[in-house]
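Worksheet: one structure, shown below.
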(Lines give C-alpha, C1' and ligand atoms only; values in the text may rest on other atoms or scores of the structure.)
Protein backbone atom coordinates (compact mmCIF):
# COMPACT_ATOMS: atom_id res chain seq x y z
CA UNK A 1 0.00 0.00 0.00
CA UNK A 2 1.25 3.47 -0.83
CA UNK A 3 2.29 5.57 2.15
CA UNK A 4 0.54 8.94 2.35
CA UNK A 5 2.38 12.06 3.40
CA UNK A 6 1.61 13.52 6.80
CA UNK A 7 1.01 17.10 5.67
CA UNK A 8 -2.66 17.39 4.86
CA UNK A 9 -5.14 15.12 3.17
CA UNK A 10 -3.78 13.81 -0.15
CA UNK A 11 -7.33 13.79 -1.49
CA UNK A 12 -7.47 17.58 -1.37
CA UNK A 13 -6.94 19.82 -4.37
CA UNK A 14 -3.62 18.90 -5.97
CA UNK A 15 -1.80 20.75 -8.74
CA UNK A 16 1.56 20.44 -10.38
CA UNK A 17 2.55 17.02 -9.09
CA UNK A 18 6.11 15.74 -9.54
CA UNK A 19 7.05 12.07 -9.65
CA UNK A 20 10.49 10.98 -8.51
CA UNK A 21 11.66 7.43 -9.28
CA UNK A 22 14.75 6.07 -7.52
CA UNK A 23 16.05 2.75 -8.87
CA UNK A 24 18.61 1.43 -6.40
CA UNK A 25 20.74 -1.66 -6.06
CA UNK A 26 18.33 -3.29 -3.61
CA UNK A 27 15.11 -1.27 -3.72
CA UNK A 28 12.93 0.71 -6.14
CA UNK A 29 11.07 3.75 -4.84
CA UNK A 30 8.37 5.87 -6.47
CA UNK A 31 7.47 9.08 -4.64
CA UNK A 32 4.72 11.47 -5.73
CA UNK A 33 5.27 15.06 -4.53
CA UNK A 34 2.82 17.94 -4.43
CA UNK A 35 3.57 21.45 -5.70
CA UNK A 36 5.45 22.22 -2.45
CA UNK A 37 7.52 19.05 -2.87
CA UNK A 38 5.82 17.33 0.05
CA UNK A 39 5.56 13.54 -0.47
CA UNK A 40 1.92 12.57 -0.78
CA UNK A 41 2.47 8.91 -1.68
CA UNK A 42 5.43 6.51 -1.52
CA UNK A 43 5.67 2.99 -2.91
CA UNK A 44 8.62 0.62 -2.64
CA UNK A 45 9.49 -2.62 -4.35
CA UNK A 46 12.46 -4.94 -4.08
CA UNK A 47 15.02 -4.38 -6.80
CA UNK A 48 15.68 -7.88 -8.15
CA UNK A 49 19.25 -9.15 -7.85
CA UNK A 50 20.37 -12.61 -8.95
CA UNK A 51 23.66 -14.16 -7.87
CA UNK A 52 23.92 -17.29 -10.04
CA UNK A 53 27.61 -17.87 -9.30
CA UNK A 54 30.29 -16.32 -7.12
CA UNK A 55 31.05 -12.66 -7.91
CA UNK A 56 28.01 -12.28 -10.20
CA UNK A 57 25.25 -9.78 -9.32
CA UNK A 58 22.81 -9.31 -12.18
CA UNK A 59 19.12 -8.80 -12.85
CA UNK A 60 16.50 -9.14 -15.53
CA UNK A 61 15.83 -5.77 -17.15
CA UNK A 62 12.21 -6.83 -17.63
CA UNK A 63 11.88 -7.68 -13.94
CA UNK A 64 13.37 -4.34 -12.96
CA UNK A 65 10.92 -2.47 -15.19
CA UNK A 66 8.04 -4.51 -13.74
CA UNK A 67 9.06 -3.49 -10.21
CA UNK A 68 9.27 0.19 -11.19
CA UNK A 69 5.97 0.14 -13.11
CA UNK A 70 4.21 -1.51 -10.18
CA UNK A 71 5.52 1.07 -7.71
CA UNK A 72 4.54 3.96 -10.00
CA UNK A 73 1.07 2.51 -10.55
CA UNK A 74 0.55 2.33 -6.80
CA UNK A 75 1.34 5.98 -6.11
CA UNK A 76 -0.59 7.23 -9.13
CA UNK A 77 -3.63 5.30 -7.84
CA UNK A 78 -3.56 7.27 -4.56
CA UNK A 79 -7.05 8.64 -3.80
CA UNK A 80 -7.41 12.23 -4.98
CA UNK A 81 -4.56 11.98 -7.50
CA UNK A 82 -5.30 12.87 -11.11
CA UNK A 83 -2.55 11.50 -13.36
CA UNK A 84 -3.01 14.43 -15.74
CA UNK A 85 -1.68 16.71 -12.98
CA UNK A 86 1.73 15.02 -12.94
CA UNK A 87 3.83 17.77 -14.49
CA UNK A 88 6.96 15.70 -15.03
CA UNK A 89 8.79 12.50 -14.17
CA UNK A 90 12.36 12.50 -12.81
CA UNK A 91 14.39 9.30 -12.67
CA UNK A 92 17.56 8.47 -10.80
CA UNK A 93 19.37 5.17 -10.49
CA UNK A 94 22.55 3.49 -9.37
CA UNK A 95 25.56 4.01 -11.59
CA UNK A 96 28.15 1.75 -13.17
CA UNK A 97 27.28 -1.81 -14.14
CA UNK A 98 26.32 -2.69 -17.70
CA UNK A 99 22.92 -2.64 -19.43
CA UNK A 100 23.12 -3.77 -23.05
CA UNK A 101 20.15 -3.34 -25.40
CA UNK A 102 19.34 -3.55 -29.10
CA UNK A 103 18.52 -0.56 -31.29
CA UNK A 104 14.87 -0.97 -30.27
CA UNK A 105 15.75 -1.18 -26.58
CA UNK A 106 15.28 -4.91 -26.17
CA UNK A 107 17.53 -6.35 -23.43
CA UNK A 108 20.61 -8.25 -24.54
CA UNK A 109 21.06 -10.56 -21.59
CA UNK A 110 20.60 -9.59 -17.95
CA UNK A 111 21.76 -6.26 -16.60
CA UNK A 112 25.00 -6.47 -14.63
CA UNK A 113 24.91 -4.35 -11.47
CA UNK A 114 27.67 -2.29 -9.91
CA UNK A 115 27.96 -4.87 -7.10
CA UNK A 116 29.19 -7.45 -9.62
CA UNK A 117 32.89 -8.30 -9.42
CA UNK A 118 33.26 -10.98 -12.10
CA UNK A 119 35.68 -8.70 -13.95
CA UNK A 120 38.14 -8.52 -11.06
CA UNK A 121 40.93 -10.04 -13.15
CA UNK A 122 40.31 -7.56 -15.95
CA UNK A 123 40.40 -4.76 -13.38
CA UNK A 124 43.66 -6.12 -11.97
CA UNK A 125 45.21 -6.28 -15.46
CA UNK A 126 44.35 -2.64 -16.07
CA UNK A 127 45.66 -1.67 -12.64
CA UNK A 128 48.98 -3.36 -13.47
CA UNK A 129 49.51 -1.08 -16.49
CA UNK A 130 50.30 2.40 -15.14
CA UNK A 131 50.25 4.09 -18.55
CA UNK A 132 46.78 2.87 -19.47
CA UNK A 133 45.53 3.48 -15.96
CA UNK A 134 46.79 7.07 -16.05
CA UNK A 135 44.82 7.73 -19.24
CA UNK A 136 41.63 6.36 -17.69
CA UNK A 137 42.08 8.40 -14.52
CA UNK A 138 43.05 11.69 -16.16
CA UNK A 139 40.45 11.53 -18.94
CA UNK A 140 37.47 9.94 -17.18
CA UNK A 141 38.17 11.32 -13.71
CA UNK A 142 38.24 8.00 -11.90
CA UNK A 143 39.76 4.56 -11.64
CA UNK A 144 37.33 1.81 -12.58
CA UNK A 145 36.06 -0.87 -10.23
CA UNK A 146 35.40 -4.44 -11.41
CA UNK A 147 31.76 -3.35 -11.76
CA UNK A 148 32.58 -0.55 -14.19
CA UNK A 149 31.31 -0.84 -17.77
CA UNK A 150 34.81 -0.93 -19.30
CA UNK A 151 35.97 -3.92 -17.27
CA UNK A 152 32.64 -5.71 -17.71
CA UNK A 153 32.80 -5.28 -21.49
CA UNK A 154 36.30 -6.80 -21.49
CA UNK A 155 34.99 -9.72 -19.47
CA UNK A 156 32.12 -10.26 -21.90
CA UNK A 157 34.41 -10.11 -24.92
CA UNK A 158 36.40 -12.95 -23.36
CA UNK A 159 33.53 -15.06 -22.10
CA UNK A 160 30.42 -14.13 -24.13
CA UNK A 161 31.46 -12.14 -27.23
CA UNK A 162 28.19 -12.94 -29.00
CA UNK A 163 26.32 -10.92 -26.40
CA UNK A 164 28.40 -7.84 -27.18
CA UNK A 165 27.95 -8.41 -30.91
CA UNK A 166 24.14 -8.47 -30.55
CA UNK A 167 24.06 -5.20 -28.59
CA UNK A 168 23.56 -1.80 -30.21
CA UNK A 169 23.57 0.48 -27.17
CA UNK A 170 25.00 0.58 -23.65
CA UNK A 171 22.76 2.19 -21.06
CA UNK A 172 22.78 2.81 -17.33
CA UNK A 173 20.14 1.75 -14.84
CA UNK A 174 17.91 4.83 -14.94
CA UNK A 175 18.20 4.96 -18.75
CA UNK A 176 16.59 1.52 -19.03
CA UNK A 177 13.56 2.75 -17.10
CA UNK A 178 13.34 5.99 -19.06
CA UNK A 179 13.40 4.01 -22.29
CA UNK A 180 10.50 1.86 -21.10
CA UNK A 181 8.55 5.04 -20.35
CA UNK A 182 9.42 7.01 -23.49
CA UNK A 183 11.11 4.77 -26.08
CA UNK A 184 14.15 7.09 -26.02
CA UNK A 185 17.72 5.77 -25.82
CA UNK A 186 20.32 8.09 -24.26
CA UNK A 187 22.10 8.90 -21.01
CA UNK A 188 23.18 12.00 -19.08
CA UNK A 189 26.58 13.38 -18.10
CA UNK A 190 26.47 12.18 -14.49
CA UNK A 191 26.16 8.52 -15.56
CA UNK A 192 28.24 8.77 -18.73
CA UNK A 193 31.35 9.75 -16.78
CA UNK A 194 31.32 6.35 -15.10
CA UNK A 195 32.77 4.81 -18.24
CA UNK A 196 34.21 6.35 -21.41
CA UNK A 197 33.47 10.06 -21.04
CA UNK A 198 36.26 12.62 -21.18
CA UNK A 199 35.21 14.81 -18.27
CA UNK A 200 37.28 17.69 -19.62
CA UNK A 201 35.36 17.90 -22.89
CA UNK A 202 32.11 16.22 -21.71
CA UNK A 203 32.19 13.92 -24.74
CA UNK A 204 32.82 10.24 -25.41
CA UNK A 205 36.51 9.41 -25.74
CA UNK A 206 38.04 6.85 -28.10
CA UNK A 207 41.27 7.27 -26.12
CA UNK A 208 39.61 6.04 -22.91
CA UNK A 209 38.04 3.12 -24.76
CA UNK A 210 41.47 2.16 -26.07
CA UNK A 211 43.04 2.50 -22.61
CA UNK A 212 40.59 -0.12 -21.36
CA UNK A 213 41.88 -2.42 -24.11
CA UNK A 214 38.58 -2.35 -25.98
CA UNK A 215 38.24 -2.26 -29.80
CA UNK A 216 37.40 1.08 -31.38
CA UNK A 217 34.23 -0.27 -32.99
CA UNK A 218 32.59 -0.39 -29.53
CA UNK A 219 32.12 3.36 -29.83
CA UNK A 220 28.91 2.29 -31.56
CA UNK A 221 27.51 1.28 -28.15
CA UNK A 222 27.79 4.75 -26.61
CA UNK A 223 24.45 6.60 -26.60
CA UNK A 224 23.69 10.31 -27.04
CA UNK A 225 24.23 12.43 -23.91
CA UNK A 226 21.87 15.09 -22.55
CA UNK A 227 21.96 17.31 -19.44
CA UNK A 228 20.22 15.65 -16.51
CA UNK A 229 17.36 18.14 -16.46
CA UNK A 230 16.50 18.11 -20.15
CA UNK A 231 13.06 16.83 -21.13
CA UNK A 232 13.95 14.06 -23.58
CA UNK A 233 10.66 12.22 -24.04
CA UNK A 234 7.05 11.71 -23.08
CA UNK A 235 5.19 8.81 -21.54
CA UNK A 236 4.08 6.42 -24.29
CA UNK A 237 0.59 4.85 -24.44
CA UNK A 238 1.91 1.38 -23.57
CA UNK A 239 3.78 2.73 -20.54
CA UNK A 240 0.76 4.76 -19.49
CA UNK A 241 -1.40 1.63 -19.56
CA UNK A 242 0.94 -0.13 -17.11
CA UNK A 243 1.82 2.77 -14.79
CA UNK A 244 -1.35 4.84 -14.77
CA UNK A 245 0.57 7.93 -15.88
CA UNK A 246 -1.04 10.15 -18.49
CA UNK A 247 0.13 9.76 -22.08
CA UNK A 248 2.46 12.61 -22.99
CA UNK A 249 3.74 13.34 -19.46
CA UNK A 250 7.23 14.87 -19.82
CA UNK A 251 10.19 12.75 -18.70
CA UNK A 252 13.64 14.22 -18.08
CA UNK A 253 16.97 12.60 -18.92
CA UNK A 254 17.55 11.86 -15.23
CA UNK A 255 20.68 11.54 -13.14
CA UNK A 256 23.01 9.30 -11.17
CA UNK A 257 21.72 8.53 -7.68
CA UNK A 258 24.59 10.25 -5.86
CA UNK A 259 23.74 13.50 -7.65
CA UNK A 260 20.03 13.11 -6.92
CA UNK A 261 20.64 12.26 -3.27
CA UNK A 262 22.91 15.29 -2.88
CA UNK A 263 20.09 17.51 -4.14
CA UNK A 264 17.56 15.77 -1.89
CA UNK A 265 19.96 16.27 1.04
CA UNK A 266 20.47 19.95 0.27
CA UNK A 267 24.14 19.38 -0.51
CA UNK A 268 24.53 20.03 -4.25
CA UNK A 269 26.39 23.29 -3.70
CA UNK A 270 30.15 23.83 -3.75
CA UNK A 271 31.68 23.13 -0.36
CA UNK A 272 29.03 20.73 0.96
CA UNK A 273 29.88 17.17 2.02
CA UNK A 274 27.17 14.51 1.93
CA UNK A 275 27.51 10.96 3.22
CA UNK A 276 25.10 8.16 2.36
CA UNK A 277 25.13 4.84 4.19
CA UNK A 278 23.02 2.68 1.91
CA UNK A 279 23.88 -0.06 -0.55
CA UNK A 280 27.15 1.83 -0.93
CA UNK A 281 29.11 4.00 1.44
CA UNK A 282 29.02 7.18 -0.63
CA UNK A 283 31.03 10.20 0.43
CA UNK A 284 30.88 13.19 -1.90
CA UNK A 285 31.88 16.83 -1.80
CA UNK A 286 30.36 19.18 -4.38
CA UNK A 287 32.96 21.25 -6.21
CA UNK A 288 33.78 23.12 -9.40
CA UNK A 289 37.40 21.92 -9.26
CA UNK A 290 38.56 19.23 -11.73
CA UNK A 291 41.04 17.51 -9.35
CA UNK A 292 41.43 13.77 -9.87
CA UNK A 293 42.93 11.12 -7.60
CA UNK A 294 42.86 7.30 -7.56
CA UNK A 295 40.92 7.36 -4.29
CA UNK A 296 37.87 9.21 -5.56
CA UNK A 297 35.75 9.77 -8.64
CA UNK A 298 35.45 13.24 -10.14
CA UNK A 299 31.98 12.96 -11.68
CA UNK A 300 30.11 15.56 -13.68
CA UNK A 301 26.84 16.64 -12.14
CA UNK A 302 23.55 17.94 -13.54
CA UNK A 303 25.61 20.31 -15.69
CA UNK A 304 29.20 19.72 -16.86
CA UNK A 305 30.54 22.74 -14.93
CA UNK A 306 29.57 21.21 -11.57
CA UNK A 307 31.11 18.06 -10.10
CA UNK A 308 30.92 15.77 -7.13
CA UNK A 309 34.24 14.35 -5.99
CA UNK A 310 33.02 11.13 -4.46
CA UNK A 311 34.76 8.25 -2.77
CA UNK A 312 32.63 5.12 -2.53
CA UNK A 313 32.57 1.43 -1.74
CA UNK A 314 29.94 -1.26 -1.16
CA UNK A 315 30.77 -1.38 2.54
CA UNK A 316 27.58 -0.13 4.19
CA UNK A 317 24.27 -2.01 4.23
CA UNK A 318 25.66 -5.19 2.55
CA UNK A 319 28.04 -5.59 5.51
CA UNK A 320 25.43 -4.55 8.08
CA UNK A 321 22.78 -6.94 6.74
CA UNK A 322 25.31 -9.80 6.55
CA UNK A 323 26.21 -9.23 10.20
CA UNK A 324 22.57 -9.21 11.28
CA UNK A 325 21.99 -12.51 9.49
CA UNK A 326 25.12 -13.99 11.06
CA UNK A 327 23.91 -12.97 14.53
CA UNK A 328 20.43 -14.42 13.99
CA UNK A 329 18.53 -11.12 13.71
CA UNK A 330 16.29 -12.34 10.91
CA UNK A 331 13.25 -10.07 11.30
CA UNK A 332 12.67 -6.39 12.14
CA UNK A 333 11.87 -7.09 15.80
CA UNK A 334 15.10 -9.05 16.31
CA UNK A 335 17.01 -6.42 14.37
CA UNK A 336 15.75 -3.53 16.48
CA UNK A 337 16.36 -5.45 19.71
CA UNK A 338 19.95 -6.21 18.73
CA UNK A 339 20.65 -2.60 17.73
CA UNK A 340 19.24 -1.51 21.11
CA UNK A 341 21.63 -3.93 22.83
CA UNK A 342 24.55 -2.45 20.92
CA UNK A 343 23.44 1.09 21.75
CA UNK A 344 23.27 0.20 25.46
CA UNK A 345 26.97 -0.70 25.60
CA UNK A 346 29.27 1.88 27.20
CA UNK A 347 30.29 4.19 24.31
CA UNK A 348 34.02 3.67 24.71
CA UNK A 349 33.97 -0.03 25.62
CA UNK A 350 36.30 -1.94 23.26
CA UNK A 351 34.52 -4.05 20.67
CA UNK A 352 35.82 -6.30 17.87
CA UNK A 353 37.40 -4.49 14.94
CA UNK A 354 35.52 -5.29 11.74
CA UNK A 355 36.68 -4.66 8.18
CA UNK A 356 33.36 -4.53 6.27
CA UNK A 357 34.58 -6.02 2.99
CA UNK A 358 32.02 -8.79 2.49
CA UNK A 359 30.97 -7.40 -0.91
CA UNK A 360 33.67 -4.94 -1.91
CA UNK A 361 36.72 -3.02 -0.77
CA UNK A 362 38.33 0.21 -1.99
CA UNK A 363 41.63 -1.41 -1.02
CA UNK A 364 41.39 -3.85 -3.93
CA UNK A 365 39.39 -6.92 -4.84
CA UNK A 366 41.72 -9.22 -2.85
CA UNK A 367 40.65 -7.72 0.49
CA UNK A 368 38.03 -9.70 2.40
CA UNK A 369 35.93 -9.01 5.48
CA UNK A 370 37.68 -9.54 8.80
CA UNK A 371 36.64 -9.65 12.46
CA UNK A 372 39.60 -9.13 14.79
CA UNK A 373 40.14 -8.63 18.49
CA UNK A 374 37.35 -10.95 19.67
CA UNK A 375 37.35 -11.92 23.38
CA UNK A 376 35.27 -14.53 25.19
CA UNK A 377 33.45 -11.75 27.05
CA UNK A 378 32.13 -10.25 23.85
CA UNK A 379 28.44 -10.70 23.07
CA UNK A 380 26.53 -10.39 19.84
CA UNK A 381 25.91 -6.74 20.76
CA UNK A 382 29.67 -6.14 20.81
CA UNK A 383 30.01 -7.76 17.39
CA UNK A 384 27.18 -5.65 15.94
CA UNK A 385 28.61 -2.41 17.29
CA UNK A 386 31.99 -3.46 15.91
CA UNK A 387 30.36 -3.99 12.52
CA UNK A 388 28.73 -0.54 12.69
CA UNK A 389 32.07 1.00 13.69
CA UNK A 390 33.70 -0.75 10.74
CA UNK A 391 31.18 0.82 8.36
CA UNK A 392 31.78 4.20 10.01
CA UNK A 393 35.52 3.71 9.58
CA UNK A 394 34.95 3.54 5.83
CA UNK A 395 33.40 7.03 5.96
CA UNK A 396 36.60 8.03 7.74
CA UNK A 397 38.77 6.33 5.10
CA UNK A 398 36.91 7.95 2.20
CA UNK A 399 36.65 11.47 3.65
CA UNK A 400 40.28 11.42 4.78
CA UNK A 401 41.27 11.09 1.13
CA UNK A 402 38.91 13.88 0.04
CA UNK A 403 40.16 16.18 2.80
CA UNK A 404 43.63 16.23 1.26
CA UNK A 405 42.27 18.29 -1.65
CA UNK A 406 38.91 19.76 -0.68
CA UNK A 407 37.44 21.83 2.14
CA UNK A 408 33.81 21.65 3.18
CA UNK A 409 31.35 23.38 5.43
CA UNK A 410 29.89 21.91 8.58
CA UNK A 411 27.72 20.17 9.51
CA UNK A 412 28.35 17.08 7.43
CA UNK A 413 25.04 15.85 5.97
CA UNK A 414 24.16 12.17 6.44
CA UNK A 415 21.49 10.05 4.76
CA UNK A 416 20.72 6.45 3.86
CA UNK A 417 19.10 3.60 5.73
CA UNK A 418 21.68 3.43 8.50
CA UNK A 419 21.18 7.14 9.22
CA UNK A 420 17.85 6.19 10.82
CA UNK A 421 19.84 4.70 13.73
CA UNK A 422 20.75 7.32 16.39
CA UNK A 423 23.65 5.06 17.41
CA UNK A 424 25.06 5.14 13.88
CA UNK A 425 24.74 8.92 13.62
CA UNK A 426 26.60 9.41 16.89
CA UNK A 427 29.33 6.99 15.79
CA UNK A 428 29.81 8.96 12.56
CA UNK A 429 30.08 12.26 14.44
CA UNK A 430 32.56 10.74 16.91
CA UNK A 431 34.71 9.14 14.20
CA UNK A 432 34.85 12.22 11.96
CA UNK A 433 35.12 14.65 14.90
CA UNK A 434 32.54 16.84 13.20
CA UNK A 435 28.86 17.74 13.65
CA UNK A 436 26.56 15.53 11.59
CA UNK A 437 23.06 16.51 10.45
CA UNK A 438 20.65 13.85 9.20
CA UNK A 439 18.45 14.85 6.28
CA UNK A 440 14.76 14.92 7.15
CA UNK A 441 13.73 12.72 4.24
CA UNK A 442 13.85 8.96 3.83
CA UNK A 443 13.74 9.30 0.03
CA UNK A 444 16.35 11.93 -0.78
CA UNK A 445 17.13 10.40 -4.17
CA UNK A 446 13.52 10.52 -5.37
CA UNK A 447 13.18 14.07 -4.03
CA UNK A 448 16.31 15.14 -5.91
CA UNK A 449 15.00 13.62 -9.14
CA UNK A 450 11.64 15.37 -8.65
CA UNK A 451 13.34 18.72 -8.03
CA UNK A 452 15.33 18.47 -11.27
CA UNK A 453 12.14 17.51 -13.14
CA UNK A 454 10.30 20.46 -11.61
CA UNK A 455 12.99 22.89 -12.73
CA UNK A 456 13.02 21.38 -16.23
CA UNK A 457 9.31 22.01 -16.67
CA UNK A 458 9.26 25.46 -15.08
CA UNK A 459 7.36 24.42 -11.97
CA UNK A 460 10.38 25.30 -9.81
CA UNK A 461 12.72 28.27 -10.19
CA UNK A 462 16.04 26.49 -9.71
CA UNK A 463 17.69 23.51 -8.08
CA UNK A 464 19.53 25.84 -5.70
CA UNK A 465 16.34 27.58 -4.59
CA UNK A 466 14.45 24.30 -4.16
CA UNK A 467 17.21 22.87 -1.95
CA UNK A 468 17.10 25.98 0.22
CA UNK A 469 13.31 26.11 0.49
CA UNK A 470 12.45 22.43 0.83
CA UNK A 471 15.24 20.35 2.34
CA UNK A 472 15.29 20.15 6.12
CA UNK A 473 17.78 18.54 8.50
CA UNK A 474 17.54 17.31 12.06
CA UNK A 475 19.62 19.25 14.62
CA UNK A 476 23.29 18.41 14.22
CA UNK A 477 24.71 15.65 16.41
CA UNK A 478 28.05 16.68 17.93
CA UNK A 479 31.01 14.42 18.65
CA UNK A 480 31.46 13.66 22.33
CA UNK A 481 34.64 14.85 24.00
CA UNK A 482 35.11 11.47 25.71
CA UNK A 483 35.22 9.63 22.39
CA UNK A 484 38.25 11.43 20.91
CA UNK A 485 40.88 9.07 22.32
CA UNK A 486 38.80 5.99 21.64
CA UNK A 487 38.35 6.80 17.95
CA UNK A 488 41.99 7.81 17.51
CA UNK A 489 42.95 4.32 18.71
CA UNK A 490 40.28 2.56 16.63
CA UNK A 491 41.46 4.46 13.55
CA UNK A 492 45.07 3.44 14.17
CA UNK A 493 44.03 -0.18 14.69
CA UNK A 494 42.12 -0.14 11.40
CA UNK A 495 45.12 1.18 9.48
CA UNK A 496 47.48 -1.30 11.14
CA UNK A 497 45.21 -4.27 10.45
CA UNK A 498 44.84 -3.36 6.78
CA UNK A 499 48.63 -3.13 6.39
CA UNK A 500 49.16 -6.43 8.20
CA UNK A 501 46.56 -8.30 6.16
CA UNK A 502 47.55 -6.99 2.75
CA UNK A 503 50.20 -9.68 2.01
CA UNK A 504 47.92 -12.40 3.38
CA UNK A 505 45.09 -11.24 1.12
CA UNK A 506 47.44 -11.24 -1.86
CA UNK A 507 48.68 -14.78 -1.16
CA UNK A 508 45.18 -16.12 -0.68
CA UNK A 509 43.92 -14.47 -3.86
CA UNK A 510 46.71 -16.19 -5.79
CA UNK A 511 45.85 -19.65 -4.44
CA UNK A 512 44.19 -22.24 -6.74
CA UNK A 513 41.27 -22.61 -4.33
CA UNK A 514 40.35 -18.94 -4.45
CA UNK A 515 40.74 -18.83 -8.22
CA UNK A 516 38.34 -21.74 -8.60
CA UNK A 517 35.80 -19.91 -6.45
CA UNK A 518 35.91 -16.73 -8.51
CA UNK A 519 35.71 -18.08 -12.04
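The values are calculated or read from the model by the stated rules, or taken from the named source; none is laboratory data. Given the structure is predicted, the values throughout are model-derived calculations rather than measurements. Cβ placement follows ideal geometry from the backbone for every residue including glycine, while neighbour counts extend to all protein chains displayed.
Note on the range 164-185: among residues that are in a loop (DSSP other than H, G, I, E, B) and on the phi < 0 side of the Ramachandran plot, the one that is surrounded by the most Cβ atoms within 10 Å (Cβ to Cβ) is 172.
Out of 420, 433, 405, report the one residue that is surrounded by fewer than 18 Cβ atoms within 10 Å (Cβ to Cβ), touching a residue at least 40 places away in the same chain (Cβ under 8 Å) and either on the phi < 0 side of the Ramachandran plot or touching a strand residue (DSSP E or B) at 6+ places or on another chain (Cβ under 9 Å) (or both).
On the way: 420 fails: touching a residue at least 40 places away in the same chain (Cβ under 8 Å); 433 fails: either on the phi < 0 side of the Ramachandran plot or touching a strand residue (DSSP E or B) at 6+ places or on another chain (Cβ under 9 Å) (or both).
It is 405.
Going through the range 3-33 one residue at a time, which ones are within 24 Å of residue 465 (Cα to Cα) and at pLDDT below 95? Lay out the reasoning, then the answer.
As a first pass, look at the range 3-33 and keep what is within 24 Å of residue 465 (Cα to Cα): 5-8, 14-22, 30-33.
If the condition is that a residue be within 24 Å of residue 465 (Cα to Cα) and at pLDDT below 95, then 5, 6, 7, 8, 14, 15, 16 are the ones that fit.
The set of residues in the range 204-223 being more than 23 Å from the chain's Cα centre (by Cα) and part of a loop (DSSP other than H, G, I, E, B) consists of 205, 212, 213, 214, 215.
When residues in the range 124-162 are screened for being over 24 Å from residue 101 (Cβ atoms) and not in a loop (DSSP other than H, G, I, E, B), 14 of them pass.
Within the range 54-75, being in contact (Cβ under 8 Å) with a residue 40 or more places away in the chain, out of contact with any strand residue (DSSP E or B) (no Cβ under 7 Å at 6 or more places or on another chain) and more than 28 Å from residue 193 (Cβ to Cβ) holds for 54, 69, 73. Exactly one residue out of 292, 231 is in contact with a strand residue (DSSP E or B) (Cβ under 8 Å, 6 or more places away or on another chain) and assigned by TED's automatic domain parsing to the domain that holds residue 114: that is 231. Applying the set (1) crowded, with 19+ Cβ neighbours inside 10 Å; (2) touching a strand residue (DSSP E or B) at 6+ places or on another chain (Cβ under 8 Å); (3) over 30 Å from residue 286 (Cβ atoms) to residue 366 leaves exactly one unmet item: (2). Scanning the range 134-166 for residues that are without any contact (Cβ under 8 Å) to a residue 60 or more places away in the chain and farther than 28 Å from residue 63 by Cβ yields a total of 1.
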